[in-house]
Amino acid sequence: MKTKLEQEEYFYGHKACAGCGGSIAVRLALKVLGKNTFVVLPAGCMSAVSFVYPQLCFGVNALISPFASTGAMLSGIYVGAKALGLKDVNVVGFAGDGGTADIGLQALSGAIDRGDKIIYICYDNEAYMNTGVQKSSLTPYGARTTTTPAGDRIHGSTSVKKDMFDIVAAHNIAYAATASVGNIPDYIRKVEKASKVQGTSYIHVAAPCPTGWGVDSSDTIAIAKQAIDCGLWYLAEYEDGDYTINKNVKEFTSVKDYLKKQSRFKHLTDEDIETIQVQRDKKWQALRKKAQ
Amino acid sequence: MGPKKQFVSGDEAVAIGVKLAKPLVIAAYPITPQTIVVERLAEMVESGELKSEYMYVESEHSALAAVMGASVLGARTFTATSSQGLLYMAEVLHYSSGGRVPLVMMNANRSVALPWSIFGDQRDSLSLLDSGWIQVYVEDAQESLDMMLQAYAIAEHAEVLTPVMVNLDGFILTHTYECIEIPSEEQVEAFLPNFELANKMDLGAPKNLFFSSSPEHNIGFKYQQHQAMMQSKKIIDEVDKKYEAITTRGYGGLVDAYRCEDADTIIITLGSITGLVRDVVEELREQGEKVGVLKIRYMRPFPDEEIRNHTKTAKSIGVLEKDISFGYQGTVFTNVSSALKESKASLTNYVAGLGGKNISRDEIVTIYKELSEIKETQTVRFVGVEVSKDED
């Protein structure tokens, strides 16, 4: 699959960790969306690494919103642009998993409800990485974080990752997709599609964090691919009420291999891994049913 | 067509004032007693007399964030709230003033839970005095309308670029009907410049806004913010004079003094209670008492110099406010005391009207009488609270 991208860089000079999945998602999306783009970032990794005066790293108009306000500020910019008669602009937000599924969920819900033409991209690195790896509601079952230690009593995160794709689809959103930096052509296609949608679009992009996950900084893309192959992440779209699975994995690779490559899962027992496999199978069953 | 008259409530006067300012974007979340403002604006958008985008937001926090987003593109905006809603916005209040976003917001002053009360006091806005917003308190429906227009002129002034909160006492002002004069479109056009934001987000010249700053730089930004607020005193005065020249209605800028020039005893007020206090002053003056009333219009920037100038002859000063900072005194009193630290007059704090409790004419007469006899200073007295002997 051929993918054309702008040579122009709109996100550079930032201080993200080596191998940061989130920064790849931001950089690529902006190459797709181009210079007539307004960016909103809440508090989080991407704003922390790129927005410290006087070192400001966006080549397009961009601002940091209050943590809970990504959806609201995106809407305000969109509506302001509309009122001022600005044509052919993109309004895109990049929020982390905590900024989206926890503190920003209400404002996101409000924006989808209004149907404002905005693109909301959640770069999901599965914990509050910017503040030092604390559990969010998108931290997967079993993962060790600094607030879910892997001891005998807590034994890592005990809750199952919320499904933001389902949550936004339940709003009857114009366009929603899951994506991954492990499949860049698919991600780029979805960003492009989102920019053409008349209404709100939401892209949930899996963006591994080598620092928080405990993998080598050169393995970001590989580990993201492996998550898709073992079925712990999926690529899908929701459009006009219909679900599509973009990659219907026939035979999953080993969940154990995927988990054991990451120090956040090192403590998991075979029984824990079995639990995770059961969760995965249920998720896929439900997904395939919806996509029928 | 010249100015016309209309019989409206305080909330409706705000809506009319906002309409005349022609905001491009309105975002608001309903809360009693602010609702009539946003209902009237929705009706105006529906009828086509106001050409604004009306955003239905899911919270006050989002309302303020949304108008910030629109404003930095160069669109004039409006939002309104009250009480719990204002407190829910607290983070975004600091955010927008720090970002120097010239927003205008109406706040219906209402008590803060717990206990729940939909009725008026001023604890909501006064507890957010340090959020970097210009705070003005109005007295009647006419001033409500007029101050909406003045608020835009002040907030958007290039030397100010600071958001303005226009406060109306809940129910007493928001829901009381009065006959007001509505400026003509020509008058508004002559008074209020178009909204031009020099540092707006611009496709031709992209900006990165609302950034972090290192400890080295941060205090410099805060200094600029403070300087702009101090500078706004001059602009507030100029804007009021310009408004008066066009509409014949001026409000005196930061304060409004009534019969203070030779007064022995002065009550300092905030908001709608001033009318009643003024009536009492007239009565007492007829009886030969040398009394006056000084209405503070702006709590930020604080009119310290004006307060000193208008209280030069006073021997006893009372601050009557619908507020208490638990564990100390009323916030207005704390501010007034600091302005009058070198004054010889005795200062007394009257805390009244909390949770909407009525402040009666008789209570005000009693306060003037007490003040004329008081010698000690810095005392907090609750008005209308019966304290049993055991507690006393």
Is the stretch B:200-216 home to any residue that is in contact with a Lys or Arg (Cβ under 8 Å, 6 or more places away or on another chain), in a loop (DSSP other than H, G, I, E, B), within 30 Å of B:LEU340 (Cβ to Cβ) and of a type in the set (D, E, K, R)?
-> no
Do any strands (runs of 3 or more DSSP E) lying entirely in the stretch A:6-122 carry at least 2 residues that are of a type in the set (A, V, I, L, M) and touching a helix residue (DSSP H, G or I) at 6+ places or on another chain (Cβ under 6 Å), and which ones are they?
-> A:37-41, A:90-96
Selection count, the stretch A:61-96, where residues are under 28 Å from A:GLY132 (Cα atoms), touching a residue at least 60 places away in the same chain (Cβ under 8 Å) and touching a Ser or Thr at 6+ places or on another chain (Cβ under 7 Å) = 1
State which residue is nearest to the other protein chains (Cβ to nearest Cβ) when the search covers only the stretch A:104-141 and only residues that are without any contact (Cβ under 8 Å) to a residue 60 or more places away in the chain and among the β-branched types (Val, Ile, Thr).
-> A:THR131
Which condition number does B:GLU46 fail, the rest of (1) among the charged types (D, E, K, R); (2) farther than 19 Å from A:GLY110 by Cα; (3) within 14 Å of another protein chain (Cβ to nearest Cβ) being met?
-> (3)
Expected output for the stretch B:205-225 (first residue not assigned by TED's automatic domain parsing to the domain that holds B:GLY98, partner surrounded by 10 or more Cβ atoms within 10 Å (Cβ to Cβ), Cβ below 8 Å, 6+ apart or cross-chain) is none
Which one is nearest to A:LYS117 (Cα to Cα), of the residues in the stretch A:27-66 that are under 18 Å from the mean Cα position of the chain (by Cα) and at the interface with chain B (Cβ under 8 Å from one of its Cβ atoms)?
-> A:VAL40
Please verify whether the stretch B:131-142 includes one or more residues that are out of contact with any Asp or Glu (no Cβ under 8 Å at 6 or more places or on another chain) and within 14 Å of another protein chain (Cβ to nearest Cβ).
-> yes
Subset of the stretch B:93-115 (residues that are assigned to a loop (DSSP other than H, G, I, E, B), more than 14 Å from chain A (Cβ to nearest Cβ) and of a type in the set (A, V, I, L, M)) = B:VAL112, B:ALA113, B:LEU114
Filter pass, B:ALA42 being of a type in the set (A, V, I, L, M, F, W, C), crowded, with 24+ Cβ neighbours inside 10 Å and at pLDDT 95 or above | no
Filter pass, A:LYS82 being within 8 Å of chain B (Cβ to nearest Cβ) and charged (D, E, K, R) = yes
Pick from the stretch B:116-146, criterion assigned to a helix (DSSP H, G or I), of a type in the set (A, V, I, L, M) and touching a Leu at 6+ places or on another chain (Cβ under 9 Å), ranking: surrounded by the fewest Cβ atoms within 10 Å (Cβ to Cβ) = B:LEU126
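The values are calculated or read from the model by the stated rules, or taken from the named source; none is laboratory data. Predicted, not measured: the structure shown is a model, and the values here were computed from it. As a convention, Cβ positions derive from the backbone with ideal geometry for all residues, glycine included, and neighbour counts pool all protein chains shown.
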